[in-house]
Amino acid sequence: MIDLDMGKYVFYVWGSYGATAVALISLTIASVIAHRTQKRKLQALLDESRQP
Amino acid sequence: MISWLANPERFSRIFTPIRPYVGVAAALMFMWGLYLCFASPEDYQQGDTVRIMYMHVPAAWMAMAVYLIMGIASFFGLIWRHSLADVAAKAAAPIGAAFTALSLLTGSLWGRPMWGTWWEWDGRMTSVLVLFLFYIGYMALHAAIEDETRAAKSTAILAMIGLVNLPVIKFSVDWWNTLHQGASVVRADGPSIAPDMLWPLLVMALAFKLLFVWLWLLRIDTELMARRYRALRARLSFAEEGN
């Protein structure tokens with residue numbers, strides 16, 4: 001059974017989980033955006049280089 | 001094997017198809033781990049604050065593991081000049097820095113209710129803070145040097161110097177008086193932690209590891225594309241100047 005009531009430690013426990021979620025999700029989003037941007041930039045340059 | 005994989009094109013060809021599966025495995029493992037974190041019992045002494053352990057300990061383990069990977073990659077880059085080694089080390093640094101920052105932050109949030117302090121200059125906390133500064137220094141140095149070869153060499157030396165700090169972190173609880181307890185999972189006589197708490201911890205540790213591998217592969221691919229872009233841009237500029 002899941003217990004989500006952290007009693008008097010609510011700030012510390014949820015603060016830890018919240019900080020972890022924010023950090024890991026931000027890192028994931030930033031990495032995915034950087035990857036997509038770089039892929040687009042490289043593709044554009046490759047297309048440009050193939051033009052006669 | 002390492003030399004064979006050090007070819008950037010071969011590396012991309014092998015790991016790009018694997019990457020989505022690692023991402024899905026990480027997401028599933030996080031879901032299972034989070035369920036276990038809140039289904040596990042509270043500690044008889046620490047109460048619900050013991051649940052902070054399931055974030056804090058995997059983050060701390062990864063902070064050290066990622067730096068070790070960075071140090072090994074830097075060693076290969078410096079000695080054998082593998083082109084992928086610097087890329088691998090550079091791609092790992094921001095992820096390791098994030099894990100280290102998380103271990104410091106969650107440790108502080110755990111320390112306040114249990115020890116009555118947000119921060120103490122004890123061996124473990126200070127050495128982890130030093131680790132964080134090594135990560136920041138590594139990234140700053142890489143960003144500051146424009147020439148890729150020089151940047152790779154300088155940062156590899158810095159990363160290898162920082163390796164000295166890893167045993168200090170690990171054994172700080174044995175060497176000095178500290179608020180931290182001794183090892184309770186990796187011990188010669190087996191874990192001293194209750195199985196109800198060990199399982200969520202191990203599942204979350206695996207989730208953190210899988211997330212790292214996924215992010216690392218993604219960032220390596222990004223860096224390889226960035227280098228290819230710069231090389232191609234330079235070649236095109238050179239060709240235009242020739243005309």
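A few notes on this one:
- Residue tally, condition at pLDDT 95 or above, surrounded by 14 or more Cβ atoms within 10 Å (Cβ to Cβ) and over 18 Å from B:ILE220 (Cβ atoms), over the range A:22-52: 2
- Qualifying residue in the range B:66-85 (condition: within 13 Å of another protein chain (Cβ to nearest Cβ) and surrounded by 14 or more Cβ atoms within 10 Å (Cβ to Cβ)): yes
Matching residues to (1) facing chain B (nearest Cβ under 9 Å); (2) within 27 Å of the chain's Cα centre (by Cα); (3) on the phi > 0 side of the Ramachandran plot:
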| site | (1), (2), (3) |
| --- | --- |
| A:ASP3 | yes, no, no |
| A:TYR12 | yes, yes, no |
| A:LEU24 | yes, yes, no |
| A:ALA30 | yes, yes, no |
| A:LYS39 | yes, yes, no |
| A:LEU42 | yes, yes, no |
| A:ARG50 | no, no, no |
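- B:ALA140 meets each of the listed conditions (1) without any contact (Cβ under 8 Å) to a residue 12 or more places away in the chain; (2) closer than 19 Å to B:LEU206 by Cα; (3) more than 13 Å from chain A (Cβ to nearest Cβ); (4) hydrophobic (A, V, I, L, M, F, W, C) apart from (2).
- Sole exception among (1) at pLDDT 95 or above; (2) within 14 Å of chain A (Cβ to nearest Cβ) for B:LEU133, by number: (2)
- Checking the stated criteria, A:GLY7 turns out to be surrounded by fewer than 13 Cβ atoms within 10 Å (Cβ to Cβ) and either within 7 Å of another protein chain (Cβ to nearest Cβ) or under 19 Å from the mean Cα position of the chain (by Cα) (or both).
- Flag if B:ALA156 is farther than 30 Å from B:MET53 by Cβ and of a type in the set (Gly, Ala, Ser): yes
- Restricted to the range B:1-112, the set of helices (runs of 4 or more DSSP H) holding at least 1 residues that are within 24 Å of B:MET139 (Cα to Cα) and over 21 Å from the mean Cα position of the chain (by Cα) comprises B:8-39, B:53-80.
- For beta carbons closer than 7 Å, sequence separation of 6+ or different chains, a first residue in the range B:203-228 that is over 24 Å from B:VAL57 (Cα atoms) and a second that is crowded, with 22+ Cβ neighbours inside 10 Å and β-branched (Val, Ile, Thr), the qualifying pairs are B:ILE220/B:VAL87; B:GLU223/B:VAL87; B:LEU224/B:VAL87.
- Test: residue in the range B:155-163 that is closer than 26 Å to B:ARG124 by Cβ, in contact with a Phe, Trp or Tyr (Cβ under 9 Å, 6 or more places away or on another chain), surrounded by 15 or more Cβ atoms within 10 Å (Cβ to Cβ) and at pLDDT below 95: no
The values are calculated or read from the model by the stated rules, or taken from the named source; none is laboratory data. What you see is a predicted model, and the numbers here were worked out from it, not measured in a lab. Positions of Cβ are backbone-derived with ideal geometry, glycine not excepted, and every protein chain shown enters the neighbour counts.
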